[in-house]
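Trainee: Dropping the structure in here first, questions after.
The values are calculated or read from the model by the stated rules, or taken from the named source; none is laboratory data. These numbers come from a predicted model, not from an experiment. Heads up, the Cβs are rebuilt from the backbone with ideal geometry, glycines too, and the neighbour counts pull from every protein chain shown.
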Amino acid sequence: MAINIKQLTKEFSDPLSIGITSGHRLCPGCAAPMTVKMALMVAKHLGYEVVVGLATGCLEVSTTIYPYTAWSIPYIHNAFENAASTIAGVETAYRALKKKGKLPVDKPIKFIAFAGDGGTYDIGLQALSGAVERNHNFLYILYDNEGYMNTGNQRSGSTPPGSETTTAPVGKAIPGKLQLKKNIVEIVAAHENVYAATATVGEPFDYMNKVEKALKFEGPSFIAVLSPCVRFWRIPEDAAPSITKLAVETKYWPLYEVEKGVYRITKKPRSFKPIREFIEKQGRFRNLLKHPDADRIISELQDYVDKRWERLLALEEATRDKPAR
């Protein structure tokens, strides 16, 4: 599908038609509702009805404050750990009802789970792995804000090294989080027979094209969307798209997809910027930049993203002419 913004704007001029409306209580500039809206617009544009499962987190608590809801489509609130299990169960029930002739076969329904990094990298990883391994036909979209932001900015498996969090503060004892960010896309891709990809809100065409591919994929699909938290990344309210563009330009968040073992990089910047530029744009790294170990940590992160990029290039080349497994 060639994304046509004017067409989509006209098609979804009524906010209720998208599936999630304005009036929620997410922070101004939060990338999570952008992540959701773009995905639902693609699904609706393709003619699908959508059922959403949503893990507990910022997106959930801010869109469903009793007795109000910002959702205008079938929606299931899940615990932190079981969004993938729930959406897999609903997808199974759908297939069973269709087989029994209790649902119309001409009304295609797609099942989308949304969850943050806490509910995906950490608490929900077991449920996600199980649902993918069982080959359920669903799309799991991770809005990755790199921490437990709903409960006050605690570190998660997604938090990058040197980032200031309440459970790994920058100080004399430690320079913030010490460990590298978990490579969740590679973990999901390793399950075989799966579509897995990265995306950002700053590259909407790339993201929406991947949503289309994921929805049409027969089997489990997964998209990790870099989704800045304005509050705890300490960035301006209008900076989420630009900071994610910088993440791509510094190799921090390469844009690529893995379809049944075949790698494809979907955006290759003509030139790259140093990772330090990405770090210096965010207040969450302010104390790191004052720390005696700052240069070492930034240098190690630069070395990591450089080597990961070279690895992606090698994987793309190695699988270019090979059929999907």
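Trainee: Could you tell me which of the residues ARG270, ARG264 is closer than 24 Å to PRO204 by Cβ, in contact with a strand residue (DSSP E or B) (Cβ under 6 Å, 6 or more places away or on another chain) and either aromatic (Phe, Trp, Tyr) or surrounded by fewer than 19 Cβ atoms within 10 Å (Cβ to Cβ) (or both)? Show your work before the answer.
Mentor: On the way: ARG270 fails: in contact with a strand residue (DSSP E or B) (Cβ under 6 Å, 6 or more places away or on another chain).
The conditions single out ARG264.
For every residue, the table says whether it meets (1) touching a helix residue (DSSP H, G or I) at 6+ places or on another chain (Cβ under 9 Å); (2) modelled with pLDDT of 95 or more; (3) assigned to a helix (DSSP H, G or I); (4) under 28 Å from ILE298 (Cα atoms).
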residue: ASN193; (1), (2), (3), (4): yes, no, no, no
residue: ILE223; (1), (2), (3), (4): yes, yes, no, yes
residue: PRO228; (1), (2), (3), (4): yes, yes, no, yes
residue: SER242; (1), (2), (3), (4): no, yes, yes, yes
residue: TRP253; (1), (2), (3), (4): yes, yes, no, yes
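Trainee: Another question about this same structure. Of the conditions (1) assigned to a strand (DSSP E or B); (2) in contact (Cβ under 8 Å) with a residue 60 or more places away in the chain; (3) farther than 18 Å from MET34 by Cα, TYR263 fails just one. Which one is it?
Mentor: (2)
Trainee: When ALA239 is evaluated against the numbered criteria (1) in contact (Cβ under 8 Å) with a residue 60 or more places away in the chain; (2) surrounded by 17 or more Cβ atoms within 10 Å (Cβ to Cβ); (3) farther than 16 Å from ALA32 by Cβ, which criterion, by number, is the only one it fails?
Mentor: Just one mismatch for ALA239, condition (3).
Trainee: Would you kindly identify the helices (runs of 4 or more DSSP H) lying entirely within the stretch 45-145 that contain at least 1 residues that are within 17 Å of the chain's Cα centre (by Cα) and either on the phi > 0 side of the Ramachandran plot or not aliphatic (A, V, I, L, M) (or both)? Show your work before the answer.
Mentor: On the way: elements: 58-63, 83-99, 125-133.
It comes to 58-63, 125-133.
Trainee: Taking the criterion of being in contact (Cβ under 8 Å) with a residue 24 or more places away in the chain and among the polar types (S, T, N, Q), would at least one residue in the stretch 221-234 satisfy it? Outline the logic, then answer.
Mentor: To start, the set of residues in the stretch 221-234 that are in contact (Cβ under 8 Å) with a residue 24 or more places away in the chain comprises 221-234.
Restricting the remaining residues to those that are among the polar types (S, T, N, Q) gives 221, 227.
Yes - at least one qualifying residue is present in the stretch 221-234.
Matching residues to (1) of a type in the set (D, E, K, R); (2) buried (at least 21 other Cβ atoms within 10 Å of the Cβ); (3) under 21 Å from ARG134 (Cα atoms):
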{"position": "SER13", "(1), (2), (3)": "no, no, no"}
{"position": "GLY19", "(1), (2), (3)": "no, yes, no"}
{"position": "VAL52", "(1), (2), (3)": "no, yes, yes"}
{"position": "SER72", "(1), (2), (3)": "no, no, no"}
{"position": "ALA93", "(1), (2), (3)": "no, no, yes"}
